[in-house]
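Read the structure below first, then the notes.
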Amino acid sequence: MSDSKKQLAGAVVALGATITEAMDAVPGFVPCGTPAQVIVDAIRTYADGDDAAAAGTAQDVLGFVQHVSEHRGVTAHQAADVDALSADQSQLAQKVVELATSAEAASLDPARTEWMYRSLGALEAGSAKAADLLAQA
């Protein structure tokens, strides 16, 4: 995986983790579709293989991390080291990519959107939630 793609993957994990923290802070809260679309678009850019687009998109996603952090009053998570994923995290990451690149991504319901955010958050180092979310995939 190129450095640009690693940066993009790490940024998407950071956004998922930031949104997960916001959802945990306000029980029942699931963000509008805008962050989900940002994530889906970023994952599709990742899957398309264009390194230049991946680098630019990574910066856009990290900007959105800051926006969510400031708007929701939560930590702006840092880009994750995607080289350090456990086996469960790698499988979970693949499930998220499959969802984001599927036709289903065009109209994600709130439950699938929440699963996507929480799954991305579970890809942060030290998270033990990947196996549980993988079972829900």
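The values are calculated or read from the model by the stated rules, or taken from the named source; none is laboratory data. Since we're looking at a predicted model, the values are computed, not measured. All Cβ positions, even for glycine, are placed from backbone atoms using ideal geometry, and neighbour counts span all protein chains on display. Quick note on the areas: whole protein, heavy atoms, side chains included, nothing else; ligands and nucleic acids left out. Shrake-Rupley method; radii C 1.70, N 1.55, O 1.52, S 1.80 Å.
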Item to complete: Among the aspartates and glutamates, select those whose C-alpha is under 13 Å from the C-alpha of LYS5, and discard any that sit fewer than 8 residues away in the same chain.
Response: ASP48, ASP50, ASP51, ASP81, ASP83
Worksheet item: What's the carbon and sulfur percent of the stretch 1-116's accessible surface, probe 1.4 angstrom, rounded to a whole number?
Response: 50
Worksheet item: Sorted from largest down, what three extents in whole angstroms do the Cα atoms of the stretch 1-84 have along their principal axes?
Response: 37, 25, 18
Fill in: Gain on full stretching of the segment that runs from GLU104 to ALA125 - 0.36 nm per residue minus C-alpha separation
4.7 nm
Response to the item:
With only helices counted (DSSP H, runs n ≥ 4, each -39500 (n - 2.57)), the per-residue ellipticity at 222 nm for the chain, to the nearest 500, works out to -22500 deg cm²/dmol
Worksheet item: Taking the chain as a Gaussian network, where each spring joins two C-alpha atoms under 10 Å apart, which residue of ALA76, ALA111, ALA93 fluctuates the most?
Response: ALA111
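Quick one: compute the contact order of the chain, relative version, from alpha carbon pairs under 8 angstrom and 6+ residues apart, as a percent.
Numbers: 188 pairs, mean separation 51.8, N = 137.
Rounded, it is 38 percent for the chain.
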Fill in: At R0 = 35 Å, FRET efficiency that the Cβ-Cβ distance of THR75 and ALA111 yields, to 0.05
0.90
Worksheet item: In nanometres, what is the gap between the two model label sites at ALA25 and ALA55, each 7 Å from Cα along Cα-to-Cβ?
Response: 3.3
Worksheet item: Within the chain, which DSSP H helices have Cα atoms that stretch 15 Å or more along the helix axis and a mean Kyte-Doolittle hydropathy of at least 0.0?
Response: 3-25, 33-48
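Keeping all protein chains in place and using 1.4 angstrom, which order do MET1, MET116 fall into by accessible surface area, from largest down? Write out the running numbers ahead of the final one.
Numbers: MET1 120, MET116 0 Å².
The ranking, largest first, comes out as MET1, MET116.
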